[in-house]
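What follows is a short report on a single structure.
The values are calculated or read from the model by the stated rules, or taken from the named source; none is laboratory data. As the structure is a prediction and not an experimental result, all values here were calculated from the model. Virtual Cβ from ideal backbone geometry, glycine too; neighbours counted across all protein chains shown.
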Amino acid sequence: MKLFPLASRINNQNHLEIGGCDVVALAREFGTPLYVFDDAHLRARAREIRETFQARWPNTLPLYATKAYFSPYVARICSDAGLGIDVTSEGELEIARRVDYARDRIYLHGNNKTPTEIRAALAMGVEHVVVDNLDEIDLLARIAGELNATPRVLLRLAPAIDPHTHKYMATGVAESKFGLPLATGDALEAARRVTRHAPRLTLVGLHVHIGSQVFELAPYREAVQLMLDFARELQDAVGFQLQELDLGGGWGVAYTEEQETLSIESVVDAVMSEIELRITNDELRILFEPGRALIAQSAIALYTVGSIKEISGLRTYVSVDGGMGDNVRPALYGARYTARVANKMNDAATTRVAIAGRYCEQGDLLIEDVALAPVVPGDLIAIPCAGAYQIPMSSNYNLIPRPAVVAVGDGSARVIRRRETIDYMLRCEADE
């Protein structure tokens, strides 16, 4: 059960229970596919992250990476826990506005920020912008002038560090679409351009995010060293005074029993040890960006078994009523998961199967090979670690509506995202 949310147990009916709610009853009430968040787990994890960082360096602000999954429900939990957020779109900004998120704890990111997004952020009072490329600096200064805003700027660096993860999740390598390369001089040129726009723009910090699902600590140490070296170079070149240092996120999270989640304590110790060796100014604000590490394990995905197809001597397919439409990660970059039969939790896992989705693609396999208790149509499959990058990356492929999301706690459940209907899904179609 190590991969399931904290408030999970097996009840006396041999069913999975989360937050005091039997998932069989949840499936009956809300239907499947269904995403179930453990409210207590998510709140505890948010507090743990903040407290662990601040115990080592009090002037620390963890920024929840909203791309992992964002909704008014998640926004309120992050706000209550004293976290900041990083946002990359007008939609994410709108959620923050609707819950009245503190503007000084919102950081605008993005490798190709549109004028509309920049204008929306500045008009809303967002104070921090992470500059990703040279082209956006003049655009930011122009819009800031129109709105009489004075944003605080961080430069996102591309440090050419290999984080040893899937190529689609390696964002700090030399050829990444993200960030200002150190090696080419673009980062130094960006600093010069920002300072030329002073006092409209104020350069306050540096940012780096080397990738996601990183299970090694050495790349993080290397990133900190490069950032501090570059900060010293900028001090000589443009008189830069480092006020904020954003170390990104991407810490590895276990999705299968064989993996081990990178602990918050180990990450904090690795990066802070480097900082403490070279920084004596305790007014320096340290930022981190946990997304998956905060939210992934707080949720499960729940599916109903439909057809079962046995191909003698080759493979058994257990088909479920979801798939790549609500979780594209296995098809996109080979993400691995495990599963349990949620209504037969203590039954022995004696059958090896592939869990197939319902979508018209051969690559729509949620899990290629997993040991399960024997299943029949109507059984429920629970896949843990479903809180990150599943609902946000979902689609209406095959014109199938997206699933509902519920939060559970203290024996009750409430809908935090309604199940799409076909009418709602087709509302943008124009029949001329």
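Hey, does the stretch 81-91 have a residue that's at positive phi and either without any contact (Cβ under 8 Å) to a residue 12 or more places away in the chain or touching a Ser or Thr at 6+ places or on another chain (Cβ under 9 Å) (or both)?
no
Hey, among A349, A371, A354, which residue is modelled with pLDDT of 95 or more, more than 29 Å from the chain's Cα centre (by Cα) and surrounded by fewer than 19 Cβ atoms within 10 Å (Cβ to Cβ)?
A349
Of these, I85, I77, which one is among the β-branched types (V, I, T), farther than 26 Å from L157 by Cα and buried (at least 19 other Cβ atoms within 10 Å of the Cβ)?
I77
Need the failing condition index for E274 against (1) modelled with pLDDT of 90 or more; (2) buried (at least 17 other Cβ atoms within 10 Å of the Cβ); (3) acidic (D, E), just the number.
(1)
Given V370, V328, V318, which one is farther than 30 Å from P290 by Cα and aliphatic (A, V, I, L, M)?
Residue meeting the stated conditions: V318.
How about the stretch 190-242: which of its residues are more than 28 Å from the chain's Cα centre (by Cα), assigned to a loop (DSSP other than H, G, I, E, B) and buried (at least 18 other Cβ atoms within 10 Å of the Cβ)?
Within the stretch 190-242, H197, L201, F240 qualify.
Name the single residue, out of those in the stretch 310-330 being touching a residue at least 40 places away in the same chain (Cβ under 8 Å) and assigned to a strand (DSSP E or B), that is nearest to S395 (Cα to Cα).
Checking each candidate, the answer is V320.
Pairs only if they're at least six apart or on different chains, beta carbon under 6 angstrom, first in the stretch 355-378 and in a loop (DSSP other than H, G, I, E, B), second hydroxyl-bearing (S, T, Y) and loosely packed, with under 12 Cβ neighbours inside 10 Å; list them, first residue then second.
none
If you take just the helices (runs of 4 or more DSSP H) that sit entirely in the stretch 1-87, which of them hold at least 1 residues that are more than 30 Å from A121 (Cα to Cα)?
Output list reads 23-30, 39-56.
Could you give me the residue pairs with C-beta distances under 6 Å whose first residue belongs to the stretch 46-60 and is not assigned by TED's automatic domain parsing to the domain that holds V271, whose second residue is among the basic types (K, R) wherever it lies, and which are 6+ apart or on separate chains?
N59/R285
Could you identify the single residue in I300, I286 that is in contact with a Ser or Thr (Cβ under 7 Å, 6 or more places away or on another chain), of a type in the set (A, V, I, L, M), modelled with pLDDT of 95 or more and in a strand (DSSP E or B)?
So the residue among I300, I286 that is in contact with a Ser or Thr (Cβ under 7 Å, 6 or more places away or on another chain), of a type in the set (A, V, I, L, M), modelled with pLDDT of 95 or more and in a strand (DSSP E or B) is I286.
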